[in-house]
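Below: one structure, written as structure tokens.
What follows is calculated from the coordinates using simple rules that are stated; it is not laboratory data. Quick caveat, the model's predicted, so the values are computed rather than measured. Cβ coordinates were reconstructed from backbone atoms using ideal geometry, including for glycine residues, and neighbour counts include every protein chain displayed.
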Amino acid sequence: MTESFSDRFLAETRAIIDSLDRAQIEDVATGLGAIRDAGGRLFILGVGGSAGHASHAVNDFRKICGVEAYTPTDNVSELTARINDDGWDSAFAEWLKGSRLNSSDAVLVYSVGGGDAESNVSVNLIRALELTRERGAAIFGVVGRDGGFTRSVANACVVIPPLYPDHITPHTEGLCAVVWHLLVSHPALQLVATKWETVVPAQT
């Protein structure tokens, strides 16, 4: 039988999962747990599909893990005002300043490339991470390709290996969701059981 596209894509996914750096995942989990336990906040940054991930993850980290978490892309009015008035590149950094980012906090980046100043890609993430370093806050990432600027400055960073050049974006964004669900289920972070795991099946 001829291998279908679905067969190939799922086989690629399995190969990438097998290649993930487990130690980095553990470091992100324990690092975020330490930030939470010390009373720090978590700011999650992402653009495009990763902005959607950021919003979903804020919910999970808050509800399941008891982390005080936020993302700038949840407030479209403030975000677009900053973009309109001051420019896209500075929007995340200025939002972090307005949130009084400090050394007890952490920033978590979701990104396909992690930011690349030379190619002028995701400069908003780079500016935000530069500010994060200045403020002494921790940096974590779940990124693709070579990890970009995020990986170069992170305390811990999970890189989704770009094993299949034709599918870097879908695999990175898809497996980002797998990694963050792993994180919010990790014993270092999870405080509250998720709903369906607590539902007792009705007796018939």
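Across the range 22-189, how large is the tail of the calculated P(r) beyond 25 Å, expressed as a percent of all Cα pairs? When every Cα pair of the range 22-189 is considered, 23 percent fall beyond 25 Å. Packing-based ranking of 149-158, 115-124 yields 149-158, 115-124, ordered from highest to lowest mean Cβ neighbour count within 10 Å.
On full extension, the segment bounded by Thr198 and Asp21 gains 60.6 nm, given 0.36 nm per residue less the C-alpha separation.
Here the chain is treated with +1 on each Lys and Arg Cβ and -1 on each Asp and Glu Cβ, and its dipole about the Cα centre works out to around 520 debye.
A simple packing score, the average count of other Cβ atoms within 10 Å per residue, orders the peptides 104-114, 170-180, 29-39 as 104-114, 170-180, 29-39, with the highest score first. Counting only Cβ charges, +1 for Lys and Arg and -1 for Asp and Glu, the dipole size of the range 1-93 around its Cα centre is about 260 debye.
Our helix-only sum for the chain, with -39,500 (n - 2.57) per DSSP H run of n ≥ 4 divided by its residues, gives a mean residue ellipticity at 222 nm of -16500 deg cm²/dmol.
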